[in-house]
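All remarks here apply to the structure that follows.
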Amino acid sequence: MPGYVSEWLWYLLTAELPPETDRTVEILLVPSTTVTDSGVDGFIIHRLTGTPAQFEYRMWETKKYTGADDDVDPTIRGAWQQLHTNGADYLAAIAWGDKHLAPDSRGFISTLVPRWLNADPSSNGGVSVAINESAAPDKAFHTSHDHLPTHTHPGALNGLIVAVDDFEAFATTVREYVWTAL
């Protein structure tokens with residue numbers, strides 16, 4: 001359950017970001033209902049403003065971390081390595097049949113995998129880690145390019161630490177609310 005809550009935290013935080021002047025959200029995929037399946041945990045496509053049919057995307061790997069204080073680096077490293085090793089497969093597995101897409105969006109989506117494999121500047125990666133507040137590191141993601149070395153263009157890699165006072169207790173509370181609602 002903490003892993004699924006981590007995915008939803010990323011999604012809800014991303015959905016609440018203020019609008020940007022140079023790009024708009026074209027597609028923000030809702031987390032899968034099957035958190036144990038391998039695949040992309042978070043995915044967003046932005047339409048760049050001021051340029052016709054220009055897009056960029058970011059594929060996210062989300063993790064939960066409930067271990068010892070200040071030892072989140074292996075979790076972050078593993079997430080980057082997971083994107084490096086499986087990113088193309090994750091992109092190829094995204095189902096688009098239920099989406100109503102603009103023709104130029106469809107065209108862009110058909111090129112996601114080759115863009116990733118070629119480290120095209122429109123393809124980006126991200127790692128989000130939900131963590132106990134007491135374990136939030138002072139410094140994180142500083143070696144990201146070592147673990148996803150293909151994507152070196154400006155803005156290619158983003159990292160997000162979501163620190164919750166007691167993440168496991170928070171995830172348990174979320175589960176209780178979800179089960180009560182069902």
Go through Ser128, Ser134, Ser144, Ser123 for me and flag whichever is hydroxyl-bearing (Ser, Thr, Tyr) and over 24 Å from Thr66 (Cα atoms). Ser123
Within region 135-152, the count of residues that are within 18 Å of the chain's Cα centre (by Cα) and over 19 Å from Leu9 (Cβ atoms) comes to 10
Residue among Glu56, Glu26 that is among the acidic types (Asp, Glu), touching a Pro at 6+ places or on another chain (Cβ under 9 Å) and outside any loop (DSSP other than H, G, I, E, B): Glu56
For residues in region 108-134 being within 20 Å of Trp10 (Cβ to Cβ) and polar (S, T, N, Q), which is modelled with the lowest pLDDT? Asn132
Taking Thr75 and the conditions (1) at pLDDT 95 or above; (2) of a type in the set (Ser, Thr, Tyr); (3) under 17 Å from the mean Cα position of the chain (by Cα), which numbered condition does it fall short on, given that it satisfies the others? (1)
Every residue in region 101-125 that is in a strand (DSSP E or B) and touching a helix residue (DSSP H, G or I) at 6+ places or on another chain (Cβ under 8 Å), please. Ser123, Gly125
Just one listed residue, out of Ser128, Ser134, is touching a residue at least 60 places away in the same chain (Cβ under 8 Å), outside any loop (DSSP other than H, G, I, E, B) and closer than 17 Å to Met59 by Cα, and it is Ser128
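The values are calculated or read from the model by the stated rules, or taken from the named source; none is laboratory data. None of the values given here were measured: they were computed from a predicted structure. Neighbour counts are summed over all protein chains in view; Cβ atoms, including those assigned to glycine, are modelled from backbone coordinates with ideal geometry.
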